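Visitor: After the structure tokens below, expect a handful of questions from me.
The values are calculated or read from the model by the stated rules, or taken from the named source; none is laboratory data. All of these numbers come straight from a predicted model, not from anything done at the bench. Methodologically, a virtual Cβ is constructed for each residue, glycine included, from the backbone with ideal geometry; neighbour enumeration extends over all protein chains shown. What goes into the accessible areas is simple: the full protein's heavy atoms, side chains included, and nothing from ligands, DNA or RNA. Shrake-Rupley method; radii C 1.70, N 1.55, O 1.52, S 1.80 Å.
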Amino acid sequence: MDSVEINDKRITMLKGDITTQATDAIVNAANSTLLGGGGVDGAIHRAAGPELLAECKQLKRTLLAGHAGLLPTGEAVLTRGYRLPAKYVIHTVGPIYKEDSDPEQHLQRAYENSLRVADHNRLHSIAFPSIGTGAYGCPLGWAASIALTTIHNFLQHPTTLTDVRMVLYSQHDYEVYRAVLQRITA
Ligand code: AR6
């Protein structure tokens, strides 16, 4: 199943590069430093241009000053999208699977807080990558189940969001997410 409708809202699975999505926001699977990195984080910073890193540095000095300039695992912050087709980037941090004290709760919070930030800013569309399943080593099926259950539950309540996309980078990831969507909405 590629998509599911909940009231007048839709969750869609896509295979591709999240930096090409023209949604109100795309989500970045960042690390706590917010200074960029590899994987989807690197791709988003390259496509957005240097202004994105400058805004992240400013957030570290202001909003995140009380946390030593770090974004805690499971939290989410918003910046502009600069040269991206998306208007905003919501940066969140997934759990490092083998090191985290409670990876399930932290991955769930990463999705939920990203959705909350989008709703708070009255956004209508958002695209997520598969948070935590690259460098951070989260098992794919486990992460897909948490991701899609959290999104599905969030859309049961009133929200400005009507279009939530999961953008999977490989055919294998896409197929796993599709199967999990089918299972949780059966
Ligand atoms: N579009 C969509 N998905 C992508 C793209 C893209 N352009 N590029 C990679 N992916 P990862 P994590 C997929 O490692 O596990 C960074 O260095 C990728 O195939 O990007 O949360 C950060 O700075 C995988 O399925 O994120 C952190 O240090 C998924 O995105 C750390 O990695 C997530 O893989 C975060 O690790």
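Visitor: So what's the back-of-envelope 222 nm ellipticity for the chain, counting only DSSP H runs of four-plus at -39500 (n - 2.57) apiece and dividing by all residues, rounded to 500?
Guide: For the chain, the value works out to -12000 deg cm²/dmol.
Visitor: Roughly how large, in nm² to one decimal, is the mean projection of the convex hull of the alpha-carbon atoms in region 1-83?
Guide: That works out to 6.7 nm².
Visitor: Would you work out what percent of the accessible area of the chain, with all protein chains in place, is carbon or sulfur (probe 1.4 Å)?
Guide: Working: 4310 of 8640 Å².
The value for the chain is 50 percent carbon and sulfur by accessible area.
Visitor: Leaving out same-chain residues fewer than 8 places away, which lysines sit with a Cα under 22 Å from that of Lys9?
Guide: Straight-line reach from Lys9, under 22 Å: Lys87.
Visitor: How far apart, in nm, are the 7 Å Cα→Cβ label points at Ala68 and Ala43?
Guide: Label-label distance for Ala68 and Ala43, simple model: 3.1 nm.
Visitor: Give me the distance between the Cα centres of region 44-75 and region 122-152, rounded to whole Å.
Guide: That distance is 21 Å.
Visitor: Quick one: pull the percentage of alpha-carbon pairs in region 62-148 with a separation above 18 Å.
Guide: Of the Cα pairs, 46 percent sit more than 18 Å apart.
Visitor: Counting only residues 5 or more places away or on other chains, whose amide H sits under 5 Å from the amide H of Ile6 once H atoms are built in the peptide plane?
Guide: Ile11
Visitor: A follow-up question, please. Give me the base-10 log of I(q)/I(0) for the chain at each q in 0.17, 0.19 Å⁻¹, Debye formula, one uniform scatterer per Cα, rounded to two decimals.
Guide: After summing over all Cα pairs, the log10 values are -1.06, -1.35.
Visitor: Among DSSP beta bridges whose residues both lie in region 2-185, state the antiparallel percentage, nearest 5. Numbers along the way, then the final one.
Guide: Working: 9 of 27 bridges.
Close to 35 percent.
Visitor: Measure nothing fancy, just the Cα-based angle from helix 50-61's long axis to the longest principal axis of the chain, in degrees from 0 to 90, nearest 10.
Guide: The answer is roughly 80 degrees.
Visitor: Might you tell me the accessible area per residue for region 87-186, computed with a 1.4 Å probe and given in Å²?
Guide: Accessible surface, normalised per residue, equals 47 Å².
Visitor: If you average the sequence gap of Cα pairs under 8 Å that are 6 or more apart and divide by the length of the chain, what percent do you get for the contact order?
Guide: That works out to 30 percent.
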